[in-house]
Amino acid sequence: MKEKILAMLKAHKDGCLSGEEISRKLHVSRTAVWKHIGALREEGYTVESQPRLGYRLLGVPDLLLPQEVREGLSTYLLGAKIHYLPTVDSTNRLARELAAAGELDGTVVLAEEQTAGRGRLGRSWNSPAGGVWLSLLLRPRVVPQKAQLFTLLAAVAASEATETVAGVRCGIKWPNDLLLSGKKVAGILTEISAEMERVNFLILGLGINLNVPQGAFAPEVSHQATSILAHTGRTVSRAAWVRAFLSIFEQDYLSAEVNGFTGILDRWRSYSVTLGQEIQLRVTGRETVEGAALDIDGDGGLIVLTAKGKETFVAGEVTLLPKIVI
Ligand code: BT5
């Protein structure tokens, strides 16, 4: 009901809308209308009320409220259900809890801030206000070996959404970093619950520092992190970014089930700043390897020409080595 009243107010931005008209059109009491208006104000909407004339919407908060994200969202699976929190420890942690409780494929968790945002391998993810901290709960019918492909799909969708909404082209560093001028602007953490033969559910966590001012980063990450705001001097609509990301992701997610990932991997290659580079690769439980990053394979693994010949890595931490100019 609150969303319907908001939609009516948005449609009447130029003038007042009487409580009576709202109550008549939506078949609710005047008191109920008044209560919903109060709830909207609590969420941050500025609603003016003029005696005898009614209500008028003067301002919309810059928040990722579900009704703002849904406005104009053309997906039917992703975002059908959105859990929104002003602050949470980790959207991935919450999404996992929801998945274990049976929440459906395509559920989205969004937060304005995270107090214990997670990176890979127990690292932490700094999540101040101004970014998008988002987790998708997915139930793809795939074997665990294919889970990495969803990280790559998300990196492509995030890069394309950023290009569309902010007009900025990021580079993707295998497997999960989006870079701008060599600094990290976004990261992806894919976690799975699986048996040997199949993935039960997959939590795809994505953090992108869209409107985070450079000074808002924690001191320990500030030197390596950037945001769209810091890079361009402009803020972008975070709700529009989320809509673009969800639309691209959904199209690819659904088409991959039928057509596979070949086209998605080609788009990933076009954003890659890893392929064709000399790299150092840190792999858990192995010595650091160096070599030339040649390509990615059909599962999203990185093919590297090392001293031992061609090797494929499914996980690891890439450092791009400076080009040697002779
Ligand atoms: C990642 O890990 O890049 C995955 C980040 C995923 C974050 C999202 S936010 C929504 C969802 N919920 C969560 O709890 N997590 C996901 P990794 O490759 O391990 O990179 C982590 C490293 O990046 C840290 O050790 C820092 O050095 C650096 N870092 C931390 N916060 C950053 C930030 N906001 N921007 C850029 N770099 C950051």
Strands (runs of 3 or more DSSP E) fully within the stretch 183-298 counting 3 or more residues that are away from the ligand (no atom under 16 Å from the Cβ) and surrounded by 17 or more Cβ atoms within 10 Å (Cβ to Cβ):
289-296
So in the stretch 110-121, with the set limited to residues that are surrounded by 15 or more Cβ atoms within 10 Å (Cβ to Cβ) and near the ligand (Cβ under 8 Å from one of its atoms), which one is farthest from Arg238 (Cα to Cα)?
Arg120
Mind counting the residues in the stretch 108-167 that are part of a loop (DSSP other than H, G, I, E, B) and either touching a Gly at 6+ places or on another chain (Cβ under 6 Å) or small (Gly, Ala, Ser) (or both)?
10
Mind checking which residues of the stretch 122-146 are surrounded by fewer than 18 Cβ atoms within 10 Å (Cβ to Cβ) and within 6 Å of the ligand (Cβ to nearest atom)?
Arg123
Which pairs do you get when a residue that is over 14 Å from Phe261 (Cα atoms), found in the stretch 132-157, comes within reach of a residue that is among the small types (Gly, Ala, Ser) and within 15 Å of the ligand (Cβ to nearest atom), reach meaning Cβ atoms under 6 angstrom, with the pair 6+ apart or on two chains?
Trp133/Ala111; Trp133/Ser127; Trp133/Gly207; Ser135/Ala95; Ser135/Gly205; Leu137/Ala95; Leu137/Ala99
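Say we look at the stretch 45-64 and pick out the residues that are under 25 Å from Asn126 (Cα atoms) and at pLDDT below 95; which of these is surrounded by the most Cβ atoms within 10 Å (Cβ to Cβ)?
Let us first name the residues in the stretch 45-64 that are under 25 Å from Asn126 (Cα atoms), namely 61-64.
Still in the running and at pLDDT below 95: 61-63.
Working: Pro61: 12, Asp62: 16, Leu63: 18.
Top of the filtered list is Leu63.
For the stretch 283-294, give me each residue that is of a type in the set (Asp, Glu) and touching a residue at least 24 places away in the same chain (Cβ under 8 Å). Walk me through how you get there before you give the answer.
Here is the first cut: in the stretch 283-294, the ones of a type in the set (Asp, Glu) are 287, 290.
Matches in the stretch 283-294: Glu290 only.
Could you check the stretch 82-107 and list, in sequence order, the residues that are buried (at least 16 other Cβ atoms within 10 Å of the Cβ) and either free of Cβ contacts under 8 Å to residues at least 24 places away in the same chain or over 14 Å from the mean Cα position of the chain (by Cα) (or both)? Reasoning before the result, please.
Our first condition is that a residue be buried (at least 16 other Cβ atoms within 10 Å of the Cβ); within the stretch 82-107, this holds for 82-85, 88, 90-96, 98-99, 103, 105-107.
Residues satisfying the conditions are Leu85, Val88, Arg93, Leu94, Arg96, Leu98, Ala99, Glu103, Asp105.
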Exactly one condition in (1) in a strand (DSSP E or B); (2) over 15 Å from Trp174 (Cβ atoms) is not met by Val318; state its number.
(2)
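The values are calculated or read from the model by the stated rules, or taken from the named source; none is laboratory data. None of these values were measured; they are calculated from a predicted model. Counting neighbours? That spans all protein chains shown, and the Cβs are built from the backbone with ideal geometry, glycine included.
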